[in-house]
Structure formats: structure tokens, C-alpha cells
Amino acid sequence: MGTANRTKEDPVKSGAHALSSGPSIGGQELIMKAAAVLDVPELLTTAEVAALLKVNRSTLSRWRSAGAGPRVTWLTANIPRYQRADVVEWLRQATV
């Protein structure tokens, strides 16, 4: 008599578009694995680089504005990222 509440099943959540048949992995881990296979450099956020260098994010931002500090890669006008290799190289040169 009554109609049952039917909800559309999300194909992503149902596994219809699963990337692998193995154990589920998180999105970040999947991105890192894909980047490794494609030889894409690992990108770090301002917060990650600041934590790595043990400086405040504002210090890193100031260095960026002054053209100092590790080389920055801009994904958009508002999204700076740092290649891990660039940060490591900057540290090597800074400690010489």
C-alpha cells in the first residue's frame, strides 16, 4: 500500500567505481601511491614546511614575499606548495 522510502545509492560509496579490489586505502595514501608511480614531486603545504623547519607559518610567508626560503610552486594565485626536494635542497644550501 505505502511506498517505501528509496534513496539513491552513491556509486562511489557502493564500490561501483573502486580503483582496486584489494583493501580500501585512504584518499591521501592513494594520491601518494599514484604520485610515486607517475614520478610527480611530493608537494607540501605552508603548514607542513613551517612545521618541518620549526618556524611560524607567517615566517615562511614573509620569506616567500621577500624571495627567500625554499622555492615555492603556486598551484593557483592563493595556493602555494613546496616540493619536498626543493625544501631539502634549500636546507642543504642554508647549512653550508
Counting Lys and Arg as +1 and Asp and Glu as -1 over every other residue whose Cβ sits under 15 Å from the Cβ of Glu89, the net charge comes to +1
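So, counting K/R as plus one and D/E as minus one, what does the shell of residues with Cβ under 14 Å around Leu60 add up to? Intermediate values should be presented prior to the final figure.
On the way: positive: Lys54, Arg57, Arg62, Arg64, Arg71, Arg81; negative: Glu48, Asp86.
Every neighbour counted, the sum reads +4.
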For segment 41-96, calculate the relative contact order in percent as a whole number, restricting contacts to Cα pairs under 8 Å that are 6 or more residues apart.
-> 40
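Only the coordinates and a few stated rules stand behind these numbers; no lab work does. The structure displayed is predicted, hence computed values, not measured ones. Because the Cβ atoms are built from the backbone with ideal geometry, glycine has one as well, and the counts that use them run over all protein chains shown.
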